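Inspection log for the structure reproduced underneath, given as structure tokens.
The values are calculated or read from the model by the stated rules, or taken from the named source; none is laboratory data. The structure presented is a predicted model; accordingly, all values stated were derived computationally and were not measured. Cβ placement follows ideal geometry from the backbone for every residue including glycine, while neighbour counts extend to all protein chains displayed. Protein only, heavy atoms only, side chains kept; ligands, DNA and RNA dropped before computing areas. Shrake-Rupley method; radii C 1.70, N 1.55, O 1.52, S 1.80 Å.
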Amino acid sequence: MNKAFMSDNTAPVDKRILEFLSGVNDGFEKPYGNDQWTEQAELLIKNEFGKDAQFFPVLTGTGANVISLASVLSPFQGVVCASSAHINVDECGAPERFLGSKLIGLETTDGKITPDIIKPTLHSIGFEHHSQPYVISVSQTAETGVVYSIAELNALSKFAKENGMIFHVDGSRISNAAAYLWCSLSDACTGADILSFGGTKNGMMMGEAVIIINPAIGPNLKYFRKQGMQLFSKMRYISAQFIPYLKESIWKENAEH
């Protein structure tokens, strides 16, 4: 068995999701997310992440991260992340190209950043010659295979709020983190303002989602999604996958294996 992270990209689509999509394929539906399946999926997202959560299906994980960050950043602001973070290493510079913002990669011992590691970057705040740290971004699960505990997430969220920053979670493998922590998906991103929610790496055919958890941010995300070429016309085929994925706890069953 291939135990590398590559395995979840080479795995087949969960048969239950394929069967559900077969039913979704009957008849015509409104495009661009104005369909019954996107509406049902959003209700499930709200049930999981809170009544104020907003659901924005996108095509790829990189798209989810770029759109998430674009919706809250100005070009002079920066993203604080682990030097090993996916956005810093494995997205071909997409965040920096499309955001015009700097990624501030910090060295860690295990792939996880902490308030103490972030703190020295704050000396730049208010100094016009330096990029302004504004977003804290973590990968849950991290690229090194470690998982942030709920206490660690709480500490980062508290630190972000105290310093007027935004807390973003790259959750392409958040299901694995939740399974490891024996907690809900929402608990696995405790304190996050915005989440890149992954499904492709855990049984879905394609598609991820940007989920705004803090209603005070991201009012223009739908425009960034369109400009970022992540607004899929036949969105029902992306959105519908989240219905059995959440409703039948496919995310949990697959992640535990």
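Looking at this structure, is residue 71 among the hydroxyl-bearing types (Ser, Thr, Tyr) and farther than 30 Å from residue 20 by Cβ?
On the way: among the hydroxyl-bearing types (Ser, Thr, Tyr): yes; farther than 30 Å from residue 20 by Cβ: no.
When the stated conditions are applied, residue 71 does not pass them.
What pairs come out if I take residues in the stretch 113-128 that are within 11 Å of residue 81 (Cα to Cα) and without any contact (Cβ under 8 Å) to a residue 24 or more places away in the chain and pair them with residues that are open to solvent by less than 90 Å² (accessible area, probe 1.4 Å) and not in a helix (DSSP H, G or I) whose C-beta lies under 9 Å away, six or more apart or interchain?
Pairs that qualify, where the first residue is within 11 Å of residue 81 (Cα to Cα) and without any contact (Cβ under 8 Å) to a residue 24 or more places away in the chain and the partner is open to solvent by less than 90 Å² (accessible area, probe 1.4 Å) and not in a helix (DSSP H, G or I), are 117/80; 117/82; 117/106; 117/108.
Scanning for something surrounded by 24 or more Cβ atoms within 10 Å (Cβ to Cβ) and assigned to a loop (DSSP other than H, G, I, E, B), does the stretch 142-162 turn up at least one residue?
yes
Examine the stretch 192-211 for a residue that is free of Cβ contacts under 8 Å to residues at least 60 places away in the same chain, under 24 Å from residue 162 (Cβ atoms) and of a type in the set (Ser, Thr, Tyr), and state whether such a residue exists.
Narrowing the stretch 192-211 to residues free of Cβ contacts under 8 Å to residues at least 60 places away in the same chain: 192, 199.
Filter once more, keeping what is under 24 Å from residue 162 (Cβ atoms): 192.
Add one more test, that the residue is of a type in the set (Ser, Thr, Tyr), and what stays is none.
Looking for residues that are free of Cβ contacts under 8 Å to residues at least 60 places away in the same chain, under 24 Å from residue 162 (Cβ atoms) and of a type in the set (Ser, Thr, Tyr), one finds none in the stretch 192-211, hence no.
Show me the helices (runs of 4 or more DSSP H) entirely contained within the stretch 164-257 in which 2 or more residues are among the charged types (D, E, K, R) and at negative phi.
Values: elements: 174-181, 221-227, 236-239, 242-247, 250-256.
The helices (runs of 4 or more DSSP H) meeting that bar are 221-227, 250-256.
Residue by residue, here is whether (1) surrounded by fewer than 21 Cβ atoms within 10 Å (Cβ to Cβ); (2) touching a Gly at 6+ places or on another chain (Cβ under 7 Å) holds:
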position: 209; (1), (2): no, no
position: 212; (1), (2): no, yes
position: 215; (1), (2): yes, no
position: 225; (1), (2): no, no
position: 236; (1), (2): no, no
position: 242; (1), (2): no, yes
position: 245; (1), (2): no, yes
position: 248; (1), (2): yes, no
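Which one is farthest from residue 70 (Cα to Cα) among residues in the stretch 172-191 that are small (Gly, Ala, Ser) and in contact (Cβ under 8 Å) with a residue 40 or more places away in the chain? Before the answer, list the steps.
First, pick out the residues of the stretch 172-191 that are small (Gly, Ala, Ser): 172, 175, 177-179, 184, 186, 188, 191.
Going one step further and asking which of them are in contact (Cβ under 8 Å) with a residue 40 or more places away in the chain, we end up with 172, 175, 178-179, 184, 186, 188.
Details: 172: 18, 175: 24, 178: 26, 179: 29, 184: 27, 186: 22, 188: 23 Å.
Applying the filter and picking the extreme gives 179.
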